[in-house]
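> Quick one: the structure is below, and I'll ask about it shortly.
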Amino acid sequence: MRNALRWLLALTVLIGTLGTAGTATAAEPEATDIKDRLLAIQGMSLVQEKPYPGYRYFVLNYTQPIDHRHPAAGTFQQRITVLHKDVSRPTVFYTGGYSVSTNPSRREPTQIVDGNQVSMEYRFFTPSRPDPADWSKLDIWQAASDQHRIFTALKAVYPKNWISTGGSKGGMTATYYERFYPKDMDGVVAYVAPNDVVNKEDSAYDRFFATVGTEECRDRLNAVQREALVRREPLEKKYAEYAAAEGYTFDTIGGLDRAYEAVVLDYVWGFWQYSLLSDCDSVPADAANATDDEIWNSVDAISGFSFYTDQGLSPYTPYYYQAGTQLGAPTIHFPHIERQYVRYGYQPPRNFVPRDIPMRFQPFAMRDVDTWVRHNARHMLFVYGENDPWGAEPFRLGKGAKDSYVFTAPGMNHGANVAGLVADEKALATARILEWAGVAPAAVRTDASKAEPLAKFDAKLDVRDVEREPALRP
């Protein structure tokens with residue numbers, strides 16, 4: 001009897017211990033530290049963690065299929081960053097459409113909603129490039145599918161609302177992502193996103209340059225651009241000396257002469273893309289009597305004589321490949337320059353991509369996206385700058401769009417943002433972003449004019465100005 005009681009007591013204790021252990025295991029999450037939770041995601045690896053007050057910041061690699069239609073065909077490592085605030089806050093999904101910075105930064109929607117931020121490097125921009133590179137796998141659907149996989153992997157860690165955003169090509173990317181995966185995001189904020197629906201119809205750009213800014217400023221810029229072509233011989237000699245000193249070559253574009261003209265023809269576009277009307281004072285007022293150095297320095301400051309070299313073009317091969325296969329590229333005319341001075345005109349993207357990479361344009365790609373946005377946009381905000389050339393062909397909303405908006409910031413360039421909108425539109429845009437993120441205060445839900453960013457501005461962390469990029473690249 002004593003042995004039987006001893007056995008029964010031991011069994012009771014054992015069952016109780018198992019029950020307690022089971023309860024503790026169920027209540028305890030697999031990982032509590034955010035880094036551990038991120039690295040518990042299959043395919044996620046840590047490159048670096050960098051400190052920033054009030055946040056955790058991680059540079060990560062995520063394993064992606066080269067071809068989302070055939071995942072078994074191979075993988076590559078895609079770089080992403082995570083600016084972590086709290087899993088109870090909303091998350092902003094950002095991409096610039098190019099390489100990703102590995103330094104902590106916060107985009108405008110992230111400041112508005114006081115949230116986390118996930119930033120993605122666009123596929124085929126180094127180091128996020130498959131090796132070997134099958135360029136046929138660089139298209140807007142594959143890139144959108146990259147975002148979808150990242151979102152799906154991180155949604156379990158960041159369960160609150162998500163908003164996608166990006167500027168320029170990043171704004172285009174956010175729009176394409178919404179088109180292909182409209183159920184992922186709770187809202188979209190697309191800044192200065194070009195919409196080249198019909199690649200061969202670019203008259204909107206010519207109309208833009210005929211009226212932008214003031215006549216005085218346009219005349220100054222046009223005169224410097226023309227003078228740089230009139231003085232082609234001495235300035236190309238200077239260019240050759242500069243290229244030799246820096247070790248620059250011109251194989252991709254097909255020679256120094258083509259590169260020189262491409263830089264000069266970017267001049268006016270580049271000014272309006274990155275400068276303000278007040279910057280016209282820095283443009284030579286009397287181009288005909290300016291020195292060669294004054295003409296050179298003005299063009300170099302705005303367009304950059306290094307860009308159309310092999311070394312300058314190489315980092316942007318993925319962009320020009322996409323421009324020549326799906327995105328389209330603008331072609332404009334130069335009525336202020338006599339024909340004998342323009343040998344090549346605006347050159348097509350094919351001229352900026354090495355010839356061993358095949359390219360074929362798909363005219364249906366942008367038409368599809370444009371039609372979808374017009375008829376299906378939900379919770380989408382497009383912000384443009386009044387003086388930005390890329391806004392000459394914007395996204396537009398049709399009758400099928402719901403709770404979506406297109407706003408233009410007066411006097412602003414390619415760095416246009418919500419903060420630069422007129423007061424009523426700024427308040428409405430801020431209120432909608434807060435609502436889409438699920439963090440709008442009660443007062444804002446009843447009165448949009450009370451909407452303000454939830455986080456204080458941080459001069460080091462918050463990105464306000466346009467990221468400097470070569471002209472003729474969104």
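> Do we find a residue being touching a Cys at 6+ places or on another chain (Cβ under 6 Å), over 19 Å from ALA323 (Cβ atoms) and open to solvent by less than 40 Å² (accessible area, probe 1.4 Å) anywhere in region 204-226?
Yes.
> Let me ask something else about it. Taking into account only those residues within region 281-304 that are within 22 Å of ASN413 (Cα to Cα) and open to solvent by less than 10 Å² (accessible area, probe 1.4 Å), which is nearest to the chain's Cα centre (by Cα)?
It comes out as VAL299.
> Further question on the same structure: Determine which member of the set PRO363, PRO330 is under 12 Å from ASP196 (Cα atoms), out of contact with any strand residue (DSSP E or B) (no Cβ under 9 Å at 6 or more places or on another chain) and open to solvent by less than 60 Å² (accessible area, probe 1.4 Å). Step through it out loud before you land on a result.
On the way: PRO363 fails: open to solvent by less than 60 Å² (accessible area, probe 1.4 Å).
None of the others qualify; the one that does is PRO330.
> Within region 366-397, track down each residue that is out of contact with any Ser or Thr (no Cβ under 8 Å at 6 or more places or on another chain) and open to solvent by 30 Å² or more (accessible area, probe 1.4 Å).
Selection gives ARG367, ASP368, THR371, TRP372, ARG374, HIS375, ASN376, ARG396.
> Residues of region 287-328 being part of a helix (DSSP H, G or I), polar (S, T, N, Q) and over 22 Å from ASP257 (Cβ atoms), which ones? Break it down stepwise before answering.
Let us first name the residues in region 287-328 that are part of a helix (DSSP H, G or I), namely 287-289, 292-302, 310-327.
In the following step, the residues that additionally are polar (S, T, N, Q) were identified as 289, 297-298, 311, 314, 317, 322, 325-326.
Result: ASN289, GLN322, THR325, GLN326.
> For the list (1) within 22 Å of THR430 (Cα to Cα); (2) open to solvent by 60 Å² or more (accessible area, probe 1.4 Å); (3) of a type in the set (Ser, Thr, Tyr), I need the number of the one condition that TYR405 fails.
Of (1) within 22 Å of THR430 (Cα to Cα); (2) open to solvent by 60 Å² or more (accessible area, probe 1.4 Å); (3) of a type in the set (Ser, Thr, Tyr), only one is false for TYR405: (2).
> Going by what's in this entry, would ARG343 be described as of a type in the set (Lys, Arg), open to solvent by 20 Å² or more (accessible area, probe 1.4 Å), closer than 21 Å to GLU261 by Cα and not in a helix (DSSP H, G or I)? Walk me through how you get there before you give the answer.
On the way: of a type in the set (Lys, Arg): yes; open to solvent by 20 Å² or more (accessible area, probe 1.4 Å): yes; closer than 21 Å to GLU261 by Cα: yes; not in a helix (DSSP H, G or I): yes.
So ARG343 passes the test.
> Kindly indicate whether LEU313 is open to solvent by 40 Å² or more (accessible area, probe 1.4 Å) and closer than 25 Å to ASN195 by Cβ.
Details: open to solvent by 40 Å² or more (accessible area, probe 1.4 Å): no; closer than 25 Å to ASN195 by Cβ: yes.
Criteria not met by LEU313.
> For the list (1) open to solvent by 30 Å² or more (accessible area, probe 1.4 Å); (2) more than 29 Å from GLU108 (Cα to Cα), I need the number of the one condition that ARG232 fails.
For ARG232, the exception is condition (1).
> So, one more: Looking at this structure, is VAL439 open to solvent by 60 Å² or more (accessible area, probe 1.4 Å), at pLDDT 95 or above and of a type in the set (Val, Ile, Thr)? Steps first, answer last, please.
Numbers: open to solvent by 60 Å² or more (accessible area, probe 1.4 Å): no; at pLDDT 95 or above: yes; of a type in the set (Val, Ile, Thr): yes.
Spelling it out, it is not the case that VAL439 is open to solvent by 60 Å² or more (accessible area, probe 1.4 Å), at pLDDT 95 or above and of a type in the set (Val, Ile, Thr).
> Turning to a different aspect of this structure: Go through region 45-86 and count every residue that is assigned to a loop (DSSP other than H, G, I, E, B) and in contact (Cβ under 8 Å) with a residue 40 or more places away in the chain.
Qualifying residue count, region 45-86: 4.
> Answer yes or no: is there a residue in region 240-254 that is among the acidic types (Asp, Glu) and in contact (Cβ under 8 Å) with a residue 40 or more places away in the chain. Before you say what the answer is, go through the steps one by one.
Narrowing region 240-254 to residues among the acidic types (Asp, Glu): 241, 246, 251.
Checking the rest, the ones that are also in contact (Cβ under 8 Å) with a residue 40 or more places away in the chain come to 246, 251.
For region 240-254, residues among the acidic types (Asp, Glu) and in contact (Cβ under 8 Å) with a residue 40 or more places away in the chain: present.
The values are calculated or read from the model by the stated rules, or taken from the named source; none is laboratory data. Please read all numbers here as calculations on a predicted model, not as lab measurements. So basically every Cβ, Gly included, is an ideal-geometry build from the backbone, and we count neighbours across all protein chains shown. Just the protein is used for accessible areas: all its heavy atoms, side chains included, with ligands, DNA and RNA removed. Shrake-Rupley method; radii C 1.70, N 1.55, O 1.52, S 1.80 Å.
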